[in-house]
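Okay, structure first, notes after.
No value in this document is a laboratory result; all are computed from the given coordinates. Keep in mind that this is a model prediction, so the values were computed, not measured.
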DNA sequence: ACCTTCTTTCTTTTT
DNA sequence: GAAAGAAGGT
């Protein structure tokens, strides 16, 4: 077979990686060096040149998005569908393993996957039952600790308490939580990995199944693997299997959630006979941008070492703008974007990046003001929204009697007179007879031990669920979804919520019906309605959908630096480069955390293809107070000759960082004659108090909080304010 | 069950 | 300063 098309259009290093004949391969792939390309072509190479069956190849990623993209790119290259292939996320593949070998895992075939919300609620309940005070034992923290233990492969019995009171107490919660999960057939995200790892360890036949089947295993974003994922991989791969790990130690930005870069180092120890290939040619950015990134990351100590280079042009200088405050910064961002557009660019080629989500607000306001379309990443994803979770809870309880978390959620949304008291009785009975909540409630109703409002509500609820179970036999999933939303009272319940909220919620519920319709249509094989519904639940349990709030055809992208990883834009604006914001104040205590911040900065810089802007503000309103932070240390780590510094109008002749913010304020007061807190009167708006001001000369503006009409920005030259 | 008031927290996020 | 969560009252 002619396989040259797989190797064409690859550079030497990429080709070496794809055709490597050593047993194992470690690809250190710099930003923009064609990492996914190598992975995709390597799989195609194994299929076409080595004649392997696609089903003998496993490819692991971290996100569903990455998995889907990889799959479709492979299929495109091979011109054939990847049937029965194990291309997916760590969690998705673990889920598949556990479903297949649920008996070995001690689970029933239809076990429930717990999302972090459900998990938190359970941890809260347990803390309460253990009479732990919420203030000293925040459920969130206990949940985080439990997940950290699971990510490290530790069961409650494995935790070393060291006589430490904190550890002892949280481990008590962990133990209860473990027991509850076993009793109720619940599996959280960390558990998917931990449990499947244990199955591999304890059941030779399962291990044999995987080790015989998979000749080749490839892992993407290897620097992001945590302990349990690495252990899992060690068990899946037989001694004879080929293991390929692709990653970039310089782009490790998830240490705070358990990822261990060290796995990149230990790989060559654990997998002897490994070829290491470095991909250093960058196809994305100009020289200026790459040089800045290289210089910055050079300040980190523990690196495997890599220097990106490009054949691209030198490119334009990085523009550094020192803003007066965050609003000035936002206005500058808007100006730059407008300018990009006016010079023939498209908004969708641009991105505005920031360290924390709170920074997005000022930016949004500025973009809104000058009508620049934008798309913001952040906030809740579709299946994480309250109204959606409520509706899905019904679907889940219909198909799985044992799903207690979904029972609790659906019985109380909408409220139907079944409150904490009745629920307590149900929980008690369920525990006593070792049955599910729904069975326990049916039992209690039959016995007549629940009367009044609670009893009536419960009865209606149970009848509704039974009705739904019959309904799905002869109707489709989307019809059932519609029935649930309309007939359970959920739609009316959310519709009566105040203002915009009610409207968006009901719109989302409508959208959910559409989503189920689309899902039905995407199913090609012969399946019963019940099977379709069950596979729908499987898919959404591990994929919560899109993170975008507003859609727009041509829009500037606003997102955190973390979420920008893996993306690229012609124009990038990096905002808020101030000490304690970025690097973040909480990351400045330890050297390793600081290095992670620097890697984040490296990731952010390397998103830019053509033009990079960096901004920082002298003053910024954070948590309700003005903060004055010096420019980020990362700015000093970028060579001066790559930067072109421009300053705001307000202080054109003030030397960089020589004059503090307070002096600038004084200047304003002298020039305009208005101080903070000054009472003023406006012809139309009445009396108010000066909150803020900015700019100078004709563009000077003040922010006034008017007693009658609220807060407004006014241009001094036109406002005609009268001092009181 | 719902509404109001007080208190707390404020990094990043996938599954 | 705002949002979310808890506590307390009706």
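Values as computed for the structure displayed
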item: Distance histogram for chain A (every C-alpha pair counted, 10 angstrom bins, percent rounded to whole numbers); result: 2, 12, 19, 22, 20, 14, 7, 2, 0
item: Part-to-part distance (alpha-carbon centres) for segment A:355-412 and segment A:481-529, which is given in Å; result: 14
item: Centroid-to-centroid separation of segment A:454-477 and segment A:103-132 [C-alpha atoms, Å]; result: 25
item: Segment A:190-335, relative contact order in percent, only Cα pairs under 8 angstrom and at least six apart counted; result: 19
item: Contact order relative to length of chain A, as percent, for alpha carbon pairs under 8 angstrom and 6 or more apart; result: 15
item: Semi-axes of the equivalent ellipsoid for segment A:252-372, Cα gyration tensor, largest first, Å; result: 37, 20, 13
item: Segment A:197-269 versus segment A:62-79: alpha-carbon centroid distance in Å; result: 20
item: Difference of contour (0.36 nm per residue) and Cα-Cα distance, residue A:348 to residue A:539; result: 65.8 nm
item: Segment A:437-507 - percent relative contact order, Cα under 8 Å, separation 6 or more; result: 17
item: Ellipticity estimate at 222 nm from DSSP helix runs (n ≥ 4, -39,500 (n - 2.57)) divided over chain A, nearest 500; result: -14500 deg cm²/dmol
item: Of all DSSP beta bridges in chain A, antiparallel share, percent nearest 5; result: 30
